[in-house]
Amino acid sequence: MNKQKSEKVGWHFDQTYIKLPKDFFVEQLPIEVSNPKLILLNEPLLKSLGLDKESLSLEAWTNIFSGNEIPEKAYPIAQAYAGHQFGHFTLLGDGRAVLLGEQISPDGKRFDIQFKGSGQTPYSRRGDGRAALGPMLREYIISEAMHALNIPTTRSLAVVATGDVVMREESLPGAILTRVAKSHIRVGTFQFASTLNDVNKLKILADYTIDRHFSECKEEANPYLAFLNRVTERQASLVSQWMHVGFIHGVMNTDNMSISGETIDYGPCAFMDRYHPETVFSSIDRQGRYAYANQAPIAQWNLARFAETLLPLIDQDTDKSIQLASQSVNGFSDQFQKSWLQGMRQKIGLFDEDASDINLINELLILMQKNKADYTLTFRHLSSDVILKDAIFEDESFKAWYKKWLYRIQKQKEGEATSKLMMLRHNPAVIPRNYLVEKALSLAVEDQDYRFLNDFIAALQKPYEDSKVFSEPPLEEDKSYQTFCGT
Ligand code: AMP
Ligand code: MG
C-alpha cells in the first residue's frame with residue numbers, strides 16, 4: 001500500500017517485538033489466498049483502532065484482511081513459543097498465524113493485529129497453516145460476546161473467506177480471522193525463553209513484557225516477583241469471570257494463557273446451558289482436565305509453570321526464589337475465591353458481605369445441579385419478577401432457599417428493587433449458546449446466509465437485554481454436543 005494511502009487509512013504501526021532476540025520470531029508473510037471475500041468486519045473495533053473504513057473500498061479491505069496486501073510499515077512475523085498441551089511439553093509457535101504488526105490506537109494503546117489461518121510458517125510442524133470458516137466465525141462470535149460481557153479478551157476484527165479449500169475430515173471453505181490483542185505473549189512464550197538456556201534472553205523478554213503490560217512493577221523492590229504477582233492476580237480475576245457466565249475455555253494449555261490476562265484462543269470453548277460443574281465439551285478432553293470446575297486449579301497449575309520460568313530472575317539464590325515464587329502462585333487460590341465470591345454476590349443482588357453468603361451461593365448451585373437448571377436463565381429469572389415454570393422453581397428446597405435469599409436482600413439498606421436492578425446488569429440474558437452458534441455457523445458456511453449470524457452477533461452486543469430469539473435455552477439438552485480444537 002502506498003505511503004499516502006496507508007496514513008489516510010489510519011495505520012500507525014510501531015513494531016517492538018522484532019527488537020527482541022531473533023530466537024523469538026521469524027519474518028513471515030501471509031501466504032496468498034485465491035479469492036478472498038469479506039464475511040465479517042467489526043466496524044466499531046476498526047474505528048477504535050483508528051482505522052477509517054471509508055478511506056478504502058471493501059475490496060481493498062478484503063485484500064488487507066486476507067493478507068494479500070500488506071500495509072506499509074507492517075512487519076509480519078510468526079512468533080515462537082512452547083507450551084504444555086494437556087500436561088505435555090512441546091515446542092510450538094505460530095503455525096498458522098502471522099502478526100501483522102503493533103497498531104497504536106488514537107488513544108495511545110498498543111494492539112497486536114494478527115491473522116489466524118494465514119498459511120504455513122516454520123512453526124507449522126505437520127499442519128497446513130490454514131483455518132476453516134466455521135471455527136473462525138465461531139471465534140468471532142464468542143470473543144465479541146465475551147467482550148460485551150466485560151470479560152478481558154482478544155477481539156475479532158474481520159473474517160475473510162479465502163476461496164481456498166482446507167482439508168480436514170471433509171473439505172471445508174478456508175478463512176482468515178484478524179485477531180486483535182493487547183499482545184500475544186503467553187505463558188508458553190516464557191517457557192520457550194527458558195528452553196534457550198540463556199538468562200539474558202529470558203530477562204529481555206521479561207523486561208519487554210513488564211514494560212508493555214505491567215510497567216508499575218518496575219518501581220517495585222523485586223520487579224520480577226511483582227510481575228508474577230500481577231499475572232497471577234489477572235488470571236484469578238479472569239477465570240472467576242469465566243465462571244460467572246458459565247464459560248468453559250476448553251483448552252487451557254500454557255500456550256493458550258495470555259500474560260496480559262486476556263482470554264485467548266477460542267477453539268473448543270463453549271458456554272454451559274444446564275449447570276453441572278463437571279461440564280466438558282471438548283472432544284479431545286476425555287479426562288475432563290479442562291472441565292468447568294477445574295479451570296481455577298488448572299490456571300494455577302499453568303501459573304506454576306510460568307513461575308518456574310522466572311526463577312532465575314526472582315532471586316540468585318534458587319531456594320529463596322522457589323520460596324518467593326511458590327508463595328506468589330499459592331496466592332492464586334485466595335484471589336480467585338475472593339473475585340469469584342464478589343461476582344457471585346453481584347449475581348444474587350448482594351451489596352454488603354455476610355459470612356453466610358458463600359453458603360447461600362453454594363446451596364443455589366447445588367439446587368441448580370439437582371434440577372438440571374439452566375445456569376444463565378436461573379440467575380436472569382431471579383433478577384426479574386417473571387413467573388417461573390422451570391423445574392427448579394417448583395422444588396420445595398428451592399422455595400425454602402428463595403425465602404432465605406429474599407430475606408437477605410430485603411434486609412440490605414438498598415432494598416429488593418435496587419438489588420434486582422444490579423442483578424439485571426450482572427446476569428446476562430443473551431450468551432452464545434451452543435445450539436444458536438451451530439445454527440448461525442451452518443447457515444453461514446453451508447448456505448452462505450449470514451443474516452442469522454449478523455443478528456446473533458448484534459444481540460450478543462447487548463447481553464443484558466432480553467431477546468425473544470437469542471435468550472431461549474435449547475429445547476432439549478444436547479448431551480452429545482462436542483467442540484473441536486485447531487480446526
Ligand atoms: P491451538 O490448538 O490452536 O492452540 O494450536 C496449537 C498449536 O498448533 C499452535 O502452535 C498452532 O499454531 C498449531 N496449529 C494449529 N492448527 C494448525 C494448522 N492447521 N497448521 C499449522 N499449525 C497449526
Ligand atoms: Mg493456541
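Figures for the structure shown
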{"quantity": "Count - residues of region 432-483 that are assigned to a loop (DSSP other than H, G, I, E, B) and in contact with a Gly (Cβ under 7 Å, 6 or more places away or on another chain)", "calculated": "0"}
{"quantity": "Subset of region 392-415 [closer than 25 Å to GLU465 by Cα and either open to solvent by less than 60 Å² (accessible area, probe 1.4 Å) or in contact (Cβ under 8 Å) with a residue 24 or more places away in the chain (or both)]", "calculated": "ILE392, PHE393, TRP405, LEU406, ILE409, GLU414, GLY415"}
{"quantity": "Conditions (1) in contact (Cβ under 8 Å) with a residue 24 or more places away in the chain; (2) within 12 Å of ligand 1 (Cβ to nearest atom); (3) basic (Lys, Arg); number of the one not met by ARG126", "calculated": "(1)"}
{"quantity": "Among the candidates GLU477, GLU472, residue that is open to solvent by 50 Å² or more (accessible area, probe 1.4 Å), acidic (Asp, Glu), out of contact with any strand residue (DSSP E or B) (no Cβ under 7 Å at 6 or more places or on another chain) and away from ligand 1 (no atom under 16 Å from the Cβ)", "calculated": "GLU472"}
{"quantity": "Search result, residues across region 102-128 that are touching a Phe, Trp or Tyr at 6+ places or on another chain (Cβ under 9 Å) and within 15 Å of ligand 2 (Cβ to nearest atom)", "calculated": "ASP112, PHE115, TYR123"}
{"quantity": "Index of the failed condition, LYS203 passing every other in (1) more than 19 Å from PHE271 (Cβ to Cβ); (2) surrounded by 22 or more Cβ atoms within 10 Å (Cβ to Cβ)", "calculated": "(2)"}
{"quantity": "Residue tally, condition within 11 Å of ligand 1 (Cβ to nearest atom) and open to solvent by 10 Å² or more (accessible area, probe 1.4 Å), over region 98-121", "calculated": "3"}
{"quantity": "Pair list, Cβ under 6 Å, 6 or more apart: region 60-88 residue in the same structural domain as LYS8 (by TED's automatic domain parsing) and open to solvent by 10 Å² or more (accessible area, probe 1.4 Å), other residue assigned to a loop (DSSP other than H, G, I, E, B) and at pLDDT below 95", "calculated": "GLU72/MET1"}
{"quantity": "Sole exception among (1) in a loop (DSSP other than H, G, I, E, B); (2) within 27 Å of THR178 (Cα to Cα); (3) in contact with a Lys or Arg (Cβ under 9 Å, 6 or more places away or on another chain) for HIS276, by number", "calculated": "(2)"}
{"quantity": "Failed item, numbered, when LEU99 is tested on (1) touching a strand residue (DSSP E or B) at 6+ places or on another chain (Cβ under 6 Å); (2) away from ligand 2 (no atom under 16 Å from the Cβ)", "calculated": "(2)"}
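The values are calculated or read from the model by the stated rules, or taken from the named source; none is laboratory data. Please read all numbers here as calculations on a predicted model, not as lab measurements. Glycine gets a Cβ as well: all are built from the backbone with ideal geometry, and neighbour counts include every protein chain shown. The accessibility values were calculated without ligands, DNA or RNA, using every heavy atom of the protein model including side chains. Shrake-Rupley method; radii C 1.70, N 1.55, O 1.52, S 1.80 Å.
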